[in-house]
């Protein structure tokens, strides 16, 4: 863990950028509609090259049917795409709730923002853990800085891929629980002698808008109408098997690479020790001129006496300075054995932690999100409101806000079109149409768009 922390401290800028990007990504995932609406406003109001500037130049295209300029219709259509998503009434509340109830997902929620942040935080730890292991193996022969950058890139991609696979696996397992429930209900119905049809969905496609069309069908058929099942209506574990296989390969591969790094570090420590006690690295010079150095150190005729004293001190003329090491029965030093066993125990714990994190990701996928074809849309419609009154109040405010922004943008466009017309000079009919825009409002656009 200390090595991973040192690796993170060495790449502080990359770590901060990664954390910021992950938090931003989690926010985009959970607030996608709000982000899209902000981007629409930004793209229209951007100076010079924005949509507003482009559309305001089209002062000749006129729709004779609606008596609107094409540029005005284009702007209103862009905002209407958001308006229709919040154009809900009491019937919409009943349909969304009935759809979720029929598919067995009433009460489920999408993955919360804090869960995504926690998942991606674990991804950061995984990524830098992988990067520390892979450094030196990703781009053989490259510089150390290049190898580290390559290891970080590979590790991030690997961690994100694992998040995606585990989440998909959790969704597959949740979907399998619904299919198992369908088959169990169908079997019980058949055992009671009241079964009157094969286990297959209705020919009519059931959506939120027509969710009450299959009210007379059994509960398991209604659930089946809203879940994409295979022709045999059986559970499948393709994603689960692939994910578990991939997790196993990564866990074993990472542990093996860690073992090789440990082996290399132990060997390097021996090489360093040999260099220290090697005669070529002696502070008195090389092996061949050792006598001269001692002679020069003690000076003149006293050199021989000094050499004799050194020989008697270390035991004989051929004695060398050797660091004594205790060894085990296999010939391995006690220190090396301790490092090897401690290292492998750490690697096993890290491997188990890695597997546990992936299991946690699968559990999150099982606990949150939906398996029904339009369950997510139904939940987004309900927005978590338990009462119809709060539901209608929320959507009334949302509709008012989008309509107000759309009207402001439309007025701005019409103003720019009049300015361009005054500067360029067109025929009197076009000028009159541009100036007479009181009936061309976003509220008026809604009347013929909803027909």
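The numbers here are math on the coordinates, done by the rules we state, and not lab data. Computed from a prediction, not measured in an experiment: that's the story for all the values here. All Cβ positions, even for glycine, are placed from backbone atoms using ideal geometry, and neighbour counts span all protein chains on display.
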Distance in nm between label sites at residue 164 and residue 42, each 7 Å beyond Cα in the beta-carbon direction?
2.3
For 347, 28, 20, 69, order by how many other beta-carbon atoms lie within 10 Å, fewest first:
20, 28, 347, 69
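For residue 24 and residue 363, what does the FRET efficiency come to when R0 = 30 Å and r is the distance between their Cβ atoms, rounded to the nearest 0.05? Working shown, then result.
Values: r = 25 Å, r/R0 = 0.83.
It comes out at approximately 0.75.
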Along principal axes, Cα extents of segment 214-269, largest first, whole Å:
77, 18, 10
Looking only at segment 54-93, which residues have a backbone nitrogen under 20 Å from a spot 7 Å from the Cα of residue 443 in the C-beta direction?
67-69, 72-73, 75-89
For residue 260 and residue 57, compute 0.36 nm times the residue count separating them, minus their Cα-Cα distance, and round to one decimal in nm.
66.4 nm
Take residue 90 and residue 236, extend 7 Å from each Cα along the Cα→Cβ direction, and tell me the distance between the two endpoints in nm.
4.3
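Among 247, 206, what is the fewest-to-most ranking by other Cβ atoms within 10 Å? Working shown, then result.
On the way: 247 21, 206 24.
So the ranking, lowest neighbour count to highest, is 247, 206.
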With the crude spin-label approximation of a point 7 Å out along Cα→Cβ, what separation in nm comes out for residue 377 versus residue 219?
2.6
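Relative contact order for segment 18-102 using alpha-carbon pairs under 8 Å, separation at least 6, rounded to a whole percent? Can you show the working numbers first?
On the way: 28 pairs, mean separation 10.2, N = 85.
Value for segment 18-102: 12 percent.
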Hydrodynamic radius (Kirkwood) for segment 353-451, which is based on Cα pairs only, to one decimal in Å:
18.5
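Using only Cα atoms, figure out Rg for segment 27-114 and give it as a multiple of 2.2 N^0.38 Å.
That works out to 1.56 for segment 27-114.
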Evaluate Rg over Rh across segment 392-438, taking Cα atoms for both radii and Kirkwood's formula for Rh.
1.24
At what distance in angstrom do the alpha carbon centres of segment 215-259 and segment 61-116 lie from each other?
31
